[in-house]
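To start, the structure under review is shown below, and the notes come after it.
The values are calculated or read from the model by the stated rules, or taken from the named source; none is laboratory data. A quick note: this is a predicted structure, and the numbers were derived from the prediction, not measured. We place every Cβ from the backbone using ideal geometry, glycine too, and count neighbours over all the protein chains shown. Only protein heavy atoms, including side chains, enter the accessible area calculation; ligands, DNA and RNA are left aside. Shrake-Rupley method; radii C 1.70, N 1.55, O 1.52, S 1.80 Å.
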Amino acid sequence: MDSVSRGTEEKWALPDPVLLGRMHGVVSSLCNSLVVFPHRHRLHQEGSQLERGREVRLYQVESFSWLWGRQARKLINESVGTFLSLQKIMQEGGGAEERKPTLVKKCREYRSMIQASMEESIIFEPEEVESDLHAYGQVLYKMELILSLLEILFIDTKPGGLVLNQLVVWVRSHFPTNHEKKSEALESDHPHQHPSYWEIIYGLVLQGSLDDVRQMLSHHPRADTDPFLSMDELLRKMPFYQVYGGVSAAEFTVRWQHWQGECERRLEEGHFATCPKLLTICKILCGDLDTIGSLWDLTDTWYHLMVSTLLYTNPTAKLFHLAGAAQDAIEHTRGNHSAITPLDRILLAAMEADTHQVIKECQQVLDNPWFTTHLTDLLYHTFYQQAEFKFLGDLRETLILEYSEVLSGHRSLWQVGVLYLDHCGTSGVAMAQVVLERRPLTSDAVAHKVVQMARDRKFDNVVMSVCRVMGRRALDLDRLGSAIWWGVRSRDAAFTSHIAHKILQRYVEDGKFESSPLLDQLGPAMLLSDTLTFLGKYREFHMLYQDGKYQEAATLLVSLISSKLAPEYFWPVLLLDALPLLKCPKPVITSEQTYELMYLLNNLHTATTTNKEKQNGTATEAGQEAFLEKERDIRLALTNNLAKAIIKEGTVES
Amino acid sequence: MVSVISNVDTGHDDMIHDAQMDYFGTRLATCSSDRSIKIFEVKGSTQTLIADLREHEGPVWQVAWAHPMYGNILASCSYDRKVIIWQEDGHKWKKIHEYANHDSSVNSVCWAPHEHGLVLACASSDGSVSVLTSTAQTWEAKKITNAHSIGCNSVSWAPAVASGSADGSARTGPPPQRMVTGGCDTYVKIWRLDSTNGEWIEESKLEGHSDWVRDVAWAPSIGLPRSIIASCSQDRRVIIWVNDGVSGVWQPRELNTFDDVIWHVSWSVTGNILAVSGGDNKVSLWKESLEGQWVCLSDSAKSQQQPPSEQRMF
């Protein structure tokens, strides 16, 4: 598989000298691929432009993304389940407060799917960092990071709008190194001699895990001395806001400021003068920006730094405080050096409460719409019918259409794509029809599946189209029974008649019925066309005859004849069929019926003798020949039967 | 990330003028200046040659696949003034009809939506457009003489959607037949079949290009009442014409001015993406953004081997 070399950001080049200067491309059918070939202007010039020894090659070019990897399969299948159940619950209505628990639950389901996929990919990850799997894992990590932040800021909002507690949890769960190192240190014999002992402690302080800090400090040999005891007290008494704790935000602020005031007092009074490390901790507790800032490399990222800073400067921070705090943290960690990454931009946009920007940035950096589709759907339902978020409705539909289109090119995931389209307005309905109609019908099973899905959605035109195609194929393969079956389902009378005629003509020629089981099960569907009805009834006649129900068979036969359903070329066959019935010892054909048959015979005789002069050369000639030979027999049988019938009908039972 | 998933030696002796996938994307037909048409079976990432059709006496300009409900049928048109219709029978391809009623090169063929029956439109350098309709026994032809002065370069059918029925349920009455043509007179014209007398009427004449129109393509509809047509021209521009389905007016919007003549425009099956190919040796894909702007998705361009730049990262 050639790889295409990548030039500038959005350009790719194909190395082929024949293509040089001539490349043209067409978008192929449902698959997301492009067919590229060397083209020549439509000006007639003699002589080939192809150099000797060269070939004119066709290239099929496709864009790849992690969505097609094996690992993503599970993600795709699980997310559709969550998506569908979310739509269902949302349809049941309810106000914003009633919807919130569901939205939070679904958001967490998505997050856990991403995490599960990430964990699986780590298991298989080989050593090299450059591998696709590693990249996939990275993408997943970042998606989950973004989603969890958005859950805190928009979906799982708490009364009062304070966000810091959740952010602290967020930071702790995404930067677990500190806790891991803490466990490692505590397991050793002398924790305080662990090389990173103090770094671990600082890190834990910055994450607000104060109980863990106290635990670490308690292993210090000087844990019984005053500074350590004083610090322990401070750490123990730091107030943490509880949403449902019964304490109002204002009251909490008072308590917290009182506590921080105590920290400052002890700092000034020199409680920690003898221990610079504890001094540092105290400074952090006092919210000293320089100290916190100097430790930023322990936080690793600006958003961690931001949360740590807020924890000790503004614990009652709300969403609108975050933008400013974020900017400060970014400035501190970046300075003028490294550029802001797309991830940074997304997180920043989230903190600025700019959902539109969040989605747009995600779209630009991700190579498939899986994440943006599900995210926008969640946000759409969260902000349902709020004026400033009206754009989410259109955006959601566009993304669902895009995602389905991506899935529809896949040989098994296309069904998943259709499920999304059921929740995408009128465009979704139209797109679903296109996806189903264009599905390559590689086997009967696929055709049945498509028909079933189209039927469920009442896409009659799609059903018709698919059945017609399958019917045509069966006809081309000479599988007439199958063709009839599809023809009937397509409700195409003309096509079905055509095949019914073929079957009847076949019978006239070889006396054999193709695919009789299929024909016998037509049921009421046979009413689609006259010829088909005749065919069905004629089969019925055969069955009756074989079962020995001669009376009924005879009645049916005569009704078939008199109803004029039978095509002309078939009349001889019918009369020949009547022959054994006419010769029954007991008359089964009434006199009325006999007259009918005689009438037919006369017509046929006239028609045949005139036709014979014309020399048709069709298959029906065989039938005509057979008929003429037997004509005398038939006449005789008819006359005899008439006689018997008249006698029988005239006899009065005594 | 983009990669080549397959490539095949077509066996053509000269460059290709057109390549078309069939309805399901399982077959590909190519036609060339070497006068032949080649048909490939496409399965995943392999392409196998299954037929080589040689009947034309000049370069073959375009090929078009009919809807599979009629069987496997392909139409081709050529500099030799002929239109040939081929059908697959068993595993062989046979010529089932030849139409030679044009006075010069036939430049473009396009099958109508299957709702209209088995109908083919052909555009010729003699300025006329023929519409061939298959009946039980034969093919009936209807000509629009003088569709474009100097010559007609391209023809494309409108999707068969009756107004107001986007949901696929039973329509009332047959959908109207419409097609769009582009010619050397720089115009893009829209034609409608008058069902009362069976004549084709010029419904709209769209002015916007300043040189020969090389290709026109009517976008597949996705449920919205609006119609979109893309046209490209010797004037190096691609114009998108939009009719909102209400006012009856076609609004032009220039997609872009390119570095060289644009020869082909083609829509993806869902009508979301437009592929543009031209003399500037690039294939670009365009999509309409939410704000109604047309933005370029990606370019495929020839260049010397450049070192691959970094993967786009978060």
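Of all the residues in segment B:284-294, those that are modelled with pLDDT under 80 and either closer than 21 Å to A:VAL35 by Cα or open to solvent by less than 20 Å² (accessible area, probe 1.4 Å) (or both) number 1.
What do you reckon, is B:ASN107 assigned to a loop (DSSP other than H, G, I, E, B) and not hydrophobic (A, V, I, L, M, F, W, C)? Answer is no for this residue. Only residues that are of a type outside the set (D, E, K, R), more than 20 Å from B:ALA158 (Cα to Cα) and in contact (Cβ under 8 Å) with a residue 40 or more places away in the chain were counted in segment B:93-124, giving 7.
Name the single residue, out of those in segment B:269-280 being open to solvent by 10 Å² or more (accessible area, probe 1.4 Å) and closer than 20 Å to B:ILE16 by Cα, that is farthest from the other protein chains (Cβ to nearest Cβ). Looking at the filtered set, the residue picked out is B:ASP280. Among the residues of segment A:545-569, those identified as assigned to a helix (DSSP H, G or I) and in contact with a Phe, Trp or Tyr (Cβ under 8 Å, 6 or more places away or on another chain) are A:ALA553, A:LEU556, A:LEU557, A:LEU560, A:ILE561. Taking (1) within 13 Å of chain B (Cβ to nearest Cβ); (2) of a type in the set (D, E, K, R); (3) open to solvent by less than 60 Å² (accessible area, probe 1.4 Å) in turn, A:ARG455 satisfies each apart from (3). Look at (1) among the hydroxyl-bearing types (Ser, Thr, Tyr); (2) over 18 Å from A:LEU574 (Cβ atoms); (3) open to solvent by 30 Å² or more (accessible area, probe 1.4 Å) and you find that A:SER529 fails only one, number (3). Of all residues assigned to segment B:45-63, at least one qualifies as being more than 29 Å from B:SER125 (Cα to Cα), facing chain A (nearest Cβ under 9 Å) and either open to solvent by 10 Å² or more (accessible area, probe 1.4 Å) or in a strand (DSSP E or B) (or both). Scanning segment B:29-43 for residues that are at the interface with another protein chain (Cβ under 8 Å from one of its Cβ atoms) and assigned to a strand (DSSP E or B) gives B:THR30, B:SER32, B:PHE40, B:VAL42.
Screening segment B:88-117 for residues that are under 27 Å from A:VAL463 (Cβ atoms) and within 10 Å of chain A (Cβ to nearest Cβ) and picking the one that is surrounded by the most Cβ atoms within 10 Å (Cβ to Cβ) gives B:HIS114.
Taken as a whole, segment B:83-94 holds no residue that is in contact with a strand residue (DSSP E or B) (Cβ under 6 Å, 6 or more places away or on another chain) and among the small types (Gly, Ala, Ser).
Applying the condition of being assigned to a helix (DSSP H, G or I) and within 15 Å of A:GLY137 (Cβ to Cβ) to segment A:59-73 and asking which residue is modelled with the highest pLDDT yields A:ALA72. Candidates A:LEU86, A:LEU133: the one that is modelled with pLDDT of 85 or more, assigned to a helix (DSSP H, G or I), in contact with an Asp or Glu (Cβ under 9 Å, 6 or more places away or on another chain) and of a type outside the set (Ser, Thr, Tyr) is A:LEU86.
Which one is nearest to A:ASN368 (Cα to Cα), of the residues in segment B:7-19 that are open to solvent by 10 Å² or more (accessible area, probe 1.4 Å) and facing chain A (nearest Cβ under 7 Å)? Result: B:ASN7.
Conditions tested, residue by residue: (1) more than 53 Å from the chain's Cα centre (by Cα); (2) closer than 26 Å to A:ALA607 by Cβ.
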site	(1), (2)
A:THR531	no, yes
A:PHE541	no, yes
A:GLN546	no, no
A:TYR550	yes, no
A:ALA566	no, yes
A:PRO580	yes, yes
A:CYS584	yes, no
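Taken as a whole, segment A:139-158 holds at least one residue that is part of a loop (DSSP other than H, G, I, E, B) and closer than 29 Å to A:ASN77 by Cβ. When A:LEU601, A:LEU535 are screened for being farther than 25 Å from A:TRP485 by Cα and open to solvent by less than 30 Å² (accessible area, probe 1.4 Å), only A:LEU601 passes. Within segment B:240-274, the set of residues being over 22 Å from A:LEU34 (Cα atoms) and either small (Gly, Ala, Ser) or not in a loop (DSSP other than H, G, I, E, B) (or both) comprises B:TRP241, B:VAL242, B:ASN243, B:GLY245, B:SER247, B:GLY248, B:TRP250, B:GLN251, B:PRO252, B:ARG253, B:GLU254, B:THR257.
Based on this model, can you work out whether A:ARG255 counts as at pLDDT 90 or above, loosely packed, with under 13 Cβ neighbours inside 10 Å and among the charged types (D, E, K, R)? Answer is no for this residue.
Filter segment A:405-437 down to the residues that are within 9 Å of chain B (Cβ to nearest Cβ) and over 16 Å from B:PHE24 (Cα atoms), then identify the one that is most open to solvent (accessible area, probe 1.4 Å). Selected residue: A:THR426. Considering (1) out of contact with any helix residue (DSSP H, G or I) (no Cβ under 6 Å at 6 or more places or on another chain); (2) outside any helix (DSSP H, G or I); (3) farther than 30 Å from A:TYR380 by Cα, the lone condition that A:ILE340 does not fulfil carries the number (3). Scanning segment A:46-89 for residues that are more than 14 Å from chain B (Cβ to nearest Cβ), aliphatic (A, V, I, L, M) and open to solvent by less than 20 Å² (accessible area, probe 1.4 Å) yields A:ALA72, A:LEU75, A:ILE76, A:VAL80, A:LEU86. Scanning segment A:89-122 for residues that are in a loop (DSSP other than H, G, I, E, B) and either under 16 Å from the mean Cα position of the chain (by Cα) or among the charged types (D, E, K, R) (or both) yields one hit, A:GLU92.
For B:VAL216, the conditions (1) touching a residue at least 60 places away in the same chain (Cβ under 8 Å); (2) within 14 Å of chain A (Cβ to nearest Cβ); (3) of a type in the set (Val, Ile, Thr) are fulfilled apart from (2). Among the residues of segment B:65-72, is any under 20 Å from A:ARG57 (Cβ atoms), open to solvent by 10 Å² or more (accessible area, probe 1.4 Å) and of a type in the set (S, T, N, Q)? Scanning segment B:65-72 turns up no residue that is under 20 Å from A:ARG57 (Cβ atoms), open to solvent by 10 Å² or more (accessible area, probe 1.4 Å) and of a type in the set (S, T, N, Q).
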